[in-house]
C-alpha cells in the first residue's frame, strides 16, 4: 500500500471564490502537517495509468465554518509523496478534507476523507491523519417502470471518509442508457431531465423511461458535482478546476444501478365488422 504524505505549511489565500469567503481577521499562522492514508490499493484490470491504484492527484480543502476561511490546493501524486503550502491562520475548529481523483475528460473523484475539530496554534505544528475511503450509495426507488413513464430515484451516499451531502456536493444529473456503460472507458450517456440538488440526506433525481416493445434493462448512474468551495482556481486547465463523482462509482468497480422497463401486456381486443 502506497502512503502519500502531504505537509501543509505556509500562506496562500485563494482568490476567485465568487466573494463567498471572507479573509480571516488575524495574520498569525500555524502549521498543519497532514498524512493521507488510503484504505486499500485498488488493483485495476484496465489501462493502468487511467485508473491508478491511488489516483493521480489529491485535492485538499482546509476551511473554517465561522471565520469563512477556505483554502484549496491540488497535488500531483508521486510514489515518494510531496509537500504543498496552504494558508493556515491560527484558529480552532478547522475542517481538513481531502479527495483523491484522476482527470480524463472530467476530474473524477475516487476516495475522500475528513478530519474535523483541527486546532491551529501560532508557530506550532498540528498533526492530522486522514484516511481516504470510497463512497458507497444506496439507490431507493422502483425496480420497474412502464415505457415513457417518469420514475424517481433517491441516491443516498455514505462514507467517502465523511465527505457527503451539502458540505461537499452541489448538483447532480442522472445518466441512463439501455446499453451498459459499466466499462470506465465508456463515456457517460447524456443526461435528460431536470438537474437535481444534493440534500443533507439524499440526492433525488428523476427520468423518463424509453419507449420499448420488449422488457429492457435501463442502466444508470448519477454524476454529482462538488460545490464551488472545492474549485481550485490555481490550476491552469480550467476544465480541471471543478470536481465530480459518479454514484455508483464504476471507476472504483461499483456496479451501475439497474431498473427494468416493462411494456404493458394483456388487454381486450375488439373486432368490429359491418356484418
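Nothing in this text is a laboratory measurement; each read-out follows from the coordinates by a stated rule. Since the model is a prediction, treat every value here as computed from it, not as a measurement. Ideal geometry is used to build each Cβ from the backbone, glycine not excepted, and the neighbour counts take in all protein chains shown.
On full extension, the segment bounded by residue 265 and residue 105 gains 53.4 nm, given 0.36 nm per residue less the C-alpha separation.
Take the Cα of residue 149, step 7 Å toward its Cβ, do the same at residue 215, and the gap between the two points is 1.5 nm.
Counting other Cβ atoms within 10 Å as a rough exposure proxy, the listed residues 33, 251 run 33, 251 from fewest neighbours to most. Expressed per residue, the C-alpha convex hull volume of region 114-162 stands at 104 Å³. Averaging the sequence gap over all C-alpha pairs within less than 8 Å and six or more residues apart, then dividing by the number of residues, gives region 200-256 a relative contact order of 31 percent.
If R0 equals 22 Å, the separation of the Cβ atoms of residue 197 and residue 158 corresponds to a calculated FRET efficiency of about 0.75.
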